[in-house]
Amino acid sequence: FAECSIVSDFYQGVTTTVQAHGMGGLEPNVALLGWSSREEGQEAQLRLMCDLVVLQKSVLFLYSGNNRDVGQKKQIDIWWRGGDRNAALMVLLAHIISQSSPWEGAKIRVLRLLDSEEGREGSERHIAELLQKVRVEAEPVILIRSAAEQDFASVLCQSSKESDLVLLGMRLPQAGGIEEYVRGLRMLIQSTGPVLLVRSGEVEDILDTDPTI
């Protein structure tokens, strides 16, 4: 059910459309956009993201500007930072993608980077238990920094460079910090293949397994 909005500003048009679009009580809860190739466009997209999250809409940005396609559609990597809303949405998205015909049989990996070996067992067990509860087939992968100064971008590049799709969660940048956050994102997404940047706007746990709810 397509709609067309004639607007003078694209980003304001997106905000208006996601509030007005719907049918019979069914409202869209996710906005998917291509990641801009221009720095000023990326900053505008992050400001849009902040506005949409206030409206409880999840936001996805797809980046493939490194001229690499999704390849064989055989491996999806989720980078997990903990039990936040982004992690839950990324697991759900990866599962949905893997169930589509082009991605049938794709392997899903859930990767988490830790500073030391101490948390390996607990983190792996936590991720495995959650995946079992929500019945998503995925492999937990726990990585340990080789040195305290090793940055995330180098680990991402080394671990996911052959993956066909990488899912990364986004935080809400602080006021006045959008430019710096854009620079950090640009460094991350250029170090691997196609990336889906994910920011959840959900206020409920979309992976909640309580049968009473």
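Which of (1) -1.08, -1.22, -1.48; (2) -0.91, -0.99, -1.16; (3) -1.08, -1.18, -1.34 is the computed log10 I(q)/I(0) by the Debye sum over Cα atoms at q = 0.15, 0.16, 0.18 Å⁻¹ for the structure on display? Entry (1). Could you grab the relative contact order for the chain? Cα pairs under 8 Å, six or more apart, rounded to a whole percent. Relative contact order of the chain: 28 percent.
Region 1-48 and region 68-129 have Cα centres separated by 27 Å. Annotation: per residue accessible area for the chain equals 58 Å², rounded to a whole number [probe 1.4 Å, protein chains only].
Counted residue by residue at 0.36 nm each, then reduced by the alpha carbon distance between them, the extension gain from L143 to L32 reaches 37.0 nm. Within a straight-line Cα-Cα reach of under 21 Å, K107 can be paired with the following lysines, leaving aside sequence neighbours fewer than 8 residues apart in one chain: K73, K74, K133, K161. Share of carbon and sulfur in the accessible area of the chain stands at 49%, probe radius 1.4 Å. With both labels modelled 7 Å from their Cα along Cα-to-Cβ, the E129 to M187 distance reads 3.5 nm. Comparing V198, V59, V30 in a Gaussian network model of the chain where C-alpha atoms under 10 Å apart are linked, the largest mean-square fluctuation is found at V30.
About its Cα centre, the dipole of the chain is roughly 380 debye, where the only charges are +1 on Lys and Arg Cβ and -1 on Asp and Glu Cβ.
The values are calculated or read from the model by the stated rules, or taken from the named source; none is laboratory data. What you are looking at is a predicted structure, and each value in this text was computed from that prediction instead of being measured. Because the Cβ atoms are built from the backbone with ideal geometry, glycine has one as well, and the counts that use them run over all protein chains shown. We work out accessible area using only protein heavy atoms, side chains counted, and drop any ligands, DNA or RNA first. Shrake-Rupley method; radii C 1.70, N 1.55, O 1.52, S 1.80 Å.
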